[in-house]
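Structure first, then comments.
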Number of protein chains: 2
Amino acid sequence: MRVSTRFSDSIHILAFIEIYKNIRLSSEVIASSVETSPVVVRRLMSVLREHGLIDTKQGSVEPKLARKPKDITLLDIYFATEGNKPLFELDKKTNPECIVGGNIQEVLGDYYEQAKIAAQRKLNDTTLQDLIETILVKEKAKQSTK
Amino acid sequence: MRVSTRFSDSIHILAFIEIYKNIRLSSEVIASSVETSPVVVRRLMSVLREHGLIDTKQGSVEPKLARKPKDITLLDIYFATEGNKPLFELDKKTNPECIVGGNIQEVLGDYYEQAKIAAQRKLNDTTLQDLIETILVKEKAKQSTK
DNA sequence: ATTAACTGTAATTAATAAAGTTACAGTTAA
DNA sequence: TTAACTGTAACTTTATTAATTACAGTTAAT
């Protein structure tokens with residue numbers, strides 16, 4: 001399996017919709033920034049819409065953020081694209097008759113959950129607004145060295 | 001891709017070596033607990049040995065932990081099996097000519113790094129000893145309800 | 001000294017979930 | 001009316017993992 005870039009691409013799409021809100025934002029235009037196909041963009045946008053992060057209108061080019069960028073955290077986006085998927089994978093197939101094999105999934109799962117929550121708390125500290133502002137700062141830095 | 005269970009299986013192997021240190025610990029015996037093949041166990045043990053977590057001897061059944069269980073954290077094991085692999089995947093192929101595509105990898109990468117470190121700090125709080133003790137408690141709880 | 005059992009590792013194959021692509025229905029705008 | 005769009009399903013390709021096969025080297029038992 002290829003590593004999933006769904007989460008990162010979804011953040012990209014949301015940032016793009018905000019930064020470029022004054023241009024015509026067809027899925028094809030967005031796809032060229034993400035360097036993927038319009039269908040993939042539409043698929044991701046469908047997920048983002050279902051989770052209340054954007055509004056779209058069928059047949060018409062007018063995607064909009066459904067919330068202000070400062071009200072969308074990276075964690076919101078993560079839940080939209082990854083749901084409750086584990087951050088660290090347990091081996092679901094271990095020998096239940098063995099002390100280790102029979103107990104490790106549950107024990108390790110608890111520790112993994114704690115680590116996952118720690119990471120999620122950090123994602124919850126960062127808003128799409130923070131990200132956009134940093135992108136714009138980096139871009140300006142690039143322009144000033146040219 | 002099948003999800004990787006390397007990290008979890010490596011923890012399993014280490015716990016098994018400690019809990020069952022008084023039996024003959026061939027890779028076949030360990031493999032039956034993990035429910036995988038001996039070759040896979042040997043491959044993981046090779047990695048654990050390279051990272052100073054176990055000692056092994058070619059041709060002879062005598063794997064040993066190289067450190068006390070209280071001196072091995074889940075983070076040590078994580079570094080052995082996953083190295084510096086990202087916890088959240090960036091899309092490495094975005095349009096460099098676009099403000100978003102050209103800057104998002106670096107900006108997002110920084111935020112991802114912070115979330116990863118938060119998770120790693122939690123892994124560093126837990127030792128193999130903690131895990132083993134919890135496994136033994138859970139096992140005892142099971143026995144007492146029979 | 002021989003053989004069986006083991007560790008160690010490389011190469012090949014199989015499995016899986018992701019993205020990419022094709023197809024087309026439904027909607028909107030020109 | 002038609003072109004361009006969104007939306008979604010189905011199929012194909014791809015990258016990454018474990019499983020399997022193969023075999024070299026080492027050790028222990030006979």
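The values are calculated or read from the model by the stated rules, or taken from the named source; none is laboratory data. Remember, predicted model here, so these are calculated numbers, not experimental data. Heads up, the Cβs are rebuilt from the backbone with ideal geometry, glycines too, and the neighbour counts pull from every protein chain shown. To get the accessible areas, we keep the full protein, side chains included, count just its heavy atoms, and leave off ligands, DNA and RNA. Shrake-Rupley method; radii C 1.70, N 1.55, O 1.52, S 1.80 Å.
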Before I look further, what does region A:1-131 give for accessible area per residue, probe 1.4 Å, in whole square angstrom? 50
Cα-based Lys pair tally, region A:1-135, threshold under 30 Å, eight or more apart or on separate chains: 22
Where a ≥ b ≥ c are the square roots of the eigenvalues of the C-alpha gyration tensor, would you call region B:1-127 rounded, which needs a/c under 1.5, or, failing that, prolate if a/b is larger than b/c, or oblate? prolate
Using the 7 Å Cα-to-Cβ label point, sort the distances from B:N124 to its equivalents in the other copies shortest first and give them in nm to one decimal. 2.3
Rounded to the nearest 0.05, what FRET efficiency do A:E50 and A:I23 have when you use their Cβ-Cβ distance and R0 = 35 Å? 0.90
Quick shape check on the protein assembly as shown: root eigenvalues a ≥ b ≥ c of the Cα gyration tensor, a/c under 1.5 is rounded, otherwise prolate if a/b tops b/c, else oblate, and it reads prolate
Once amide hydrogens are built 1.01 Å from N within the peptide plane, the residues lying 5 or more places from B:A66 or on another chain with amide H under 5 Å from its amide H are B:I54, B:D55
Taking a label point 7 Å from Cα toward Cβ, how far is A:V137 from its twins in the other copies, in nm, shortest first? 4.4
Using Cα-Cα distances under 8 Å and only pairs 6 or more residues apart, what relative contact order does chain B have, in percent? 25
Counting only protein heavy atoms and a 1.4 Å probe, tell me what percentage of the protein assembly as shown's accessible area is made up of carbon and sulfur. 49
Could you state how much accessible area is buried at the B-A interface, both sides summed, with a 1.4 Å probe, in Å² to the nearest 100? 5000
Report the residue of chain A with the smallest Cβ-to-axis distance, using the rotation axis that brings A onto B, in whole Å. A:M1, 1
What aspartates and glutamates does B:K138 reach when the alpha-carbon gap must be under 16 Å and sequence neighbours fewer than 8 apart in one chain are set aside? A:E97, A:E106, A:D110, B:D130
homo-copy label distances at B:K68 (7 angstrom along Cα-Cβ), nm, one dp, ascending, are 5.5
Folded to 0 to 90 degrees: helix B:38-50 orientation relative to chain B principal axis, Cα: 70
Report the FRET efficiency, 1/(1 + (r/R0)^6), for A:K64 and B:I117, where r is their Cβ-Cβ distance and R0 is 41 Å, rounded to 0.05. 0.75
In degrees between 0 and 90, to the nearest 10, how far off the longest principal axis of chain A does helix A:128-144 point, with axes built from Cα atoms? 60
Which value, to two decimals, describes the C-alpha radius of gyration of region B:1-69 once divided by 2.2 N^0.38 Å? 1.02
